[in-house]
1. Any chance you could check the Cα centroid distance between the stretch 20-93 and the stretch 117-131 for me, in angstrom?
2. Can you compute the helix-only [θ] at 222 nm over the chain? Use -39500 (n - 2.57) per DSSP H run of at least 4 residues, normalise by all residues, nearest 500 deg cm²/dmol.
3. Among (i) 26, 17, 11; (ii) 31, 21, 11; (iii) 24, 16, 14, which one is semi-axes √(5λ) of the Cα gyration tensor in Å computed from these coordinates?
4. How would you order 31-39, 92-100, 49-57, 123-131 from highest to lowest mean count of nearby Cβ atoms within 10 Å?
């Protein structure tokens, strides 16, 4: 069964395939990234590797807020082979999903440019962000 990291952003539940998530960190001090596009909080020094930190709420068009100490960072590998840290409100769980629980992007996602698919959870659907478009 595939595993998904389930997390919250702007009071919404989202999920990512666990295979795309390298690690989960507590919010850390960020360095400035002058001239960065909207939705980029700064840069994280991760053992000498500088990783951009993306405000996932802002990138998804949701209500954004400044970083808080209780936020989490999902360090992910992008489809292009790069790394990014996604700032989220909190990580809820590592969910084992039945093979038919994940749904690929379809006509139901028209207009949702950053959505790759959805995961069916007992509490409802969790959109799966498209890491290649963030």
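1. Each part reduced to its Cα centre gives a spacing of 20 Å.
2. -500 deg cm²/dmol
3. (iii)
4. Listed from highest to lowest mean packing, they are 49-57, 123-131, 92-100, 31-39.
Taken together, the values in this text are just the output of simple stated rules run on the coordinates, not laboratory data. Here the structure is a predicted model, which is why all the values come from computation and not from measurement. All Cβ positions, even for glycine, are placed from backbone atoms using ideal geometry, and neighbour counts span all protein chains on display.
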